[in-house]
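What follows is calculated from the coordinates using simple rules that are stated; it is not laboratory data. Predicted, not measured: the structure shown is a model, and the values here were computed from it. For neighbour counting, all protein chains shown are included, and Cβ atoms are generated from backbone atoms with ideal geometry for every residue, glycine included.
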C-alpha cells in the first residue's frame, strides 16, 4: 500500500519524547501516510506492536547502541567534539543520508514527502533539506514552555530584581514573570559553558568563553532571557507540531503562531491509542499497552490495595524516570508520608541514579497497609483512574501532567528541571488544577517534611481544586481525542497536499 504521501520520522530517544512521537506516527498511518521511523535498533522493542504491524509503517533501524542520556550541559549536536551523543548523532546522520540516497531518483510527484523531526533532533534538518524534503519540527512538551521561553527572551527578563514582576506581552497577566521564575530555572542547571580551565570551552558547534558576558546569548538548557535554543534549531522548518490541544493551551498555542511565522498545529495529547478507545466505565489496564515492565507489585495487587481505600483518600507520589528529587529529599518525603495520616502510593523509579541507591528503610513497617511502595514501573493510568486516588505529587513532566488532568486528579507540582517549572506555573495559574509545592528561588534549597505535609494537606482538602480538575478532565478528555487536534491533523494533511505536483 503506497499511501497518500510519505513521512520520515526522527524522534529523540528520551522516554518523554519517544512515547508521544510513537502516537504521532500512529496518527500519520491512520491518515494514510506511509511512515518510516528512523531510530537506533535499541529502541525497536519500545515501538508498540500495533504500530509495527501497520501496513503503512516501516522501521529504518540504525544499528548502533544508544548513548547515555545527558544529565546536564548543552544540547549535543554533530560537530568536532567527542561526546558520545555527538558521535552517535554523526553516525546517525550518515545513516539518514544513505537512506535518502537509496530512494527512487524520480519519486511519484503526486505523493508529498515530508520529514517530522523532534526539536532535539533538528541537527538532522539540513540532511532532509539537502534532499528537498520539507521539515516539520515536533515539540513533545507543553505549548506553555515554548511560549514562555520565547516571551521571556523578547521581554528582557534576565535582569529582573526581587519583588519585581514583568507582564509578558501577548500572554495573560497571570503568567507574568517574577524573580522566582527567573532564578529557579536558572539555578536548576549549572552554566554549561562554565569551565575551570582558561580559555574557551567548545561543544560541537557552540563555543563560548568560560565567563559569559552580560548580553543576549544562546545556551542549553535555556536560561530565562536567552534566545531559546529551538529558535535557531528550527529555522527552515515549514511548520511546528506541539503535543497539546487548544482546549488546554489555546492561549499559548495562539501566541506561538503569531510569533513564529509558520503554521503551529497542536496535535495532542499524544497518549496511547488505547486510552482514547477506553469507555471510562471500567478500570484501565496499563499492562496491555506497556508490557514487560519490571515492578515489585502486579497490576492486580495494586488494584486490590486501592479497592480497600476510601474514595479520594490516596495521595500518589511519582517522579520521572530520569529526574527525581535529591537523595536527602527522599528522606523528607519518607518522613512526611510516615507522619501524614493518609494512604499513599510512592513510586521509586529504578531508572534514576538517585533512586537506585535509595529505599525508605523501615517505612513499610511503620505505616503498614496505609502505604504502598512500588519499585520500578507503576501502572500509572490505572492508579490515576481509580476512585480512591485524590491527588498526585509529581515533577510536573508534561506527559504525567496530561495523564493526571485527563483523570480529573489535582496535582501538587514539584518541578526539578527544564520545562517542568513552566508546566507547574501553568498547572497553578492557568489551568488552576493544582499547586506548586514551594516557591523557592534555588533548587539547592531542600524541600522539607513540613513543606511536603502542608502541600499535600492543602491539595487533598481543597474542594475547589478537585472540582476544577474534574471539570477540566471531562471537558478535554471524556469525548475522545480532542476535536481541535483532529482539525490540526486535517490542516496538516491539506498543507502537505500543496507540495504535490
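Normalising the average separation of contacting C-alpha pairs (under 8 angstrom, six or more residues apart) by the number of residues puts the relative contact order of the stretch 281-477 at 24 percent. For the stretch 401-462, a/c is not less than 1.5, where a ≥ b ≥ c are the root eigenvalues of the C-alpha gyration tensor, and a/b does not top b/c. That puts it in the oblate class. On the principal axes of its alpha carbon atoms, the stretch 84-124 extends 40, 21, 8 Å, with the longest extent given first. Cα extents for the stretch 116-156 along the principal axes, largest to smallest and rounded to whole angstrom: 38, 20, 13.
Between residue 432 and residue 478, the simple label model (points 7 Å from Cα in the Cβ direction) yields a spacing of 1.9 nm.
In terms of its alpha-carbon gyration tensor, the stretch 281-477 comes out rounded; the largest-to-smallest axis ratio a/c stays below the 1.5 threshold. State whether the stretch 443-501 is rounded, prolate or oblate according to the following rule on the C-alpha gyration tensor (a ≥ b ≥ c being the square roots of its eigenvalues): a/c under 1.5 gives rounded; otherwise a/b larger than b/c gives prolate, and the remaining case gives oblate. It is oblate, given that a/c is not under 1.5 and a/b is not larger than b/c. The packing ranking, built from the mean of other Cβ atoms within 10 Å per residue, places the peptides 153-160, 137-144 in the order 137-144, 153-160, highest first.
Once the Cβ-Cβ distance of residue 103 and residue 298 is raised to the sixth power relative to R0 = 51 Å, the FRET efficiency obtained is 0.65.
If the segment from residue 444 to residue 50 were pulled out straight at 0.36 nm per residue, it would be longer than the present Cα-Cα gap by 137.5 nm.
Extension gain for the segment residue 131 to residue 498, taken as residue separation times 0.36 nm less the Cα-Cα distance, is 130.3 nm to one decimal.
When 1/r is averaged over all different Cα pairs and the result inverted, which Kirkwood radius in Å belongs to the stretch 338-432?
Its Kirkwood hydrodynamic radius stands at 14.5 Å.
Descending by average beta-carbon neighbour count within 10 Å, the peptides 453-466, 48-61, 305-318 line up as 305-318, 453-466, 48-61, the highest first.
Along each principal axis, taking the top coordinate minus the bottom one, the Cα set of the stretch 376-435 gives 27, 26, 14 Å in descending order. The slack in the chain from residue 59 to residue 238, taken as 0.36 nm per residue of separation less the alpha-carbon distance, amounts to 62.0 nm.
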